[in-house]
Amino acid sequence: MRTVHTLKELRAVLKVYRGQGKRIGLVPTMGSLHEGHISLVHKALEAADVVVTSVFVNPMQFGANEDLDNYPRTLQADQDRLRAAGNTLVFAPAASEIYPEGPECHTRITVPEVSEGHCAVTRPDHFGGVATVVTMLFNMVQPDVAVFGEKDYQQLAVIRKLVRDLFIPVEIIGATTVRATDGLARSSRNVYLSDGERLRAPTLYRVMRETGAALVAGNRNFSHLEQSAREVLFAEGLQPDYFNIVNSSTLKPAQPGDTELTILAAAFLGSTRLIDNLSLSLKPLNPHS
Ligand code: PAF
């Protein structure tokens, strides 16, 4: 497995693979890789001959008071995990390679509607930064297929719309969230949790499952379910950021007739922000019952 740091090297290596008619897969990451990322690489290897994993902590998607400086950077360990997973090429550029004049002066991509609400309420510039860097990675790698985790549900919706709207010729694959045995979604930010916080962290997914069970049982009082969930999270020591029951495609508030619903949630545990989601296919309500 090779690692390249510049666009020039990346293009030279990919030209050879393309000349051999190989199908190219991309797994964009910010490094600090865990089992969730490795599952994305496996998924990409099922769909492509050659897999490029990018490792780049993208400054444009971090807000002023967020964890850009402290975000874990573990390139050596990431390379070891990627090699073991059968990944072909690592693209680990410096920030100056991606933003030569700095992120503030760079062209930005805005994806309307799905970028609004939910995570964007506390992270207003986040999805613009994600959409921009992902577009750049698509242009740099020109992959046939790219794999993203479903854990970042809103991010995946933003990327799908971006690809549709800009006619970017890449197939987007969403990969199922990998969870610890107690239900906590794997995330690079889990390393910030103290031992006590780690024990409480699965509460988020538990409350989402309980809400999901109420929806499956026919409860359509969405605002009441959301409010009760926030109260339970708060009572168990988490600071809910949002807990929203939405239409799975539009990410707009769920309506009683919707059958494809997703619970989107984020909560702080100390200073660590956990996010998660749960999608449900419900039976249509029978208006005559
Ligand atoms: O999901 C992530 O790790 C990042 O948002 C991504 C897609 C790699 C863009 O920086």
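Here are the numbers for this structure:
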{"quantity": "Test: Glu97 is more than 15 Å from the ligand (Cβ to nearest atom), out of contact with any strand residue (DSSP E or B) (no Cβ under 8 Å at 6 or more places or on another chain) and at pLDDT 95 or above", "calculated": "no"}
{"quantity": "Residue list for segment 242-267, restricted to those being touching an Asp or Glu at 6+ places or on another chain (Cβ under 6 Å), surrounded by fewer than 20 Cβ atoms within 10 Å (Cβ to Cβ) and in a strand (DSSP E or B)", "calculated": "Asn247"}
{"quantity": "Qualifying positions in segment 127-157 - near the ligand (Cβ under 10 Å from one of its atoms), of a type outside the set (Phe, Trp, Tyr) and within 10 Å of the chain's Cα centre (by Cα)", "calculated": "Val130, Gly149, Lys151, Asp152, Gln155, Leu156"}
{"quantity": "Qualifying residues in segment 27-76 (those that are closer than 21 Å to Leu184 by Cβ and polar (S, T, N, Q)) - the one modelled with the lowest pLDDT", "calculated": "Asn70"}
{"quantity": "In segment 178-237, the residues that are part of a helix (DSSP H, G or I) and hydroxyl-bearing (Ser, Thr, Tyr)", "calculated": "Ser188, Tyr192, Thr203, Tyr205, Thr211, Ser223, Ser228"}
{"quantity": "Wholly enclosed strands (runs of 3 or more DSSP E) of segment 24-130 bearing at least 1 residues closer than 30 Å to Leu264 by Cα and of a type in the set (Val, Ile, Thr)", "calculated": "24-29, 50-55"}
{"quantity": "Set Asn277, Asn190: member being surrounded by 20 or more Cβ atoms within 10 Å (Cβ to Cβ), among the polar types (S, T, N, Q) and either within 29 Å of Ile38 (Cα to Cα) or in contact with a Cys (Cβ under 9 Å, 6 or more places away or on another chain) (or both)", "calculated": "Asn277"}
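The values are calculated or read from the model by the stated rules, or taken from the named source; none is laboratory data. What you are looking at is a predicted structure, and each value in this text was computed from that prediction instead of being measured. Cβ sites come from the backbone with ideal geometry, for glycine too, and all protein chains shown count toward neighbours.
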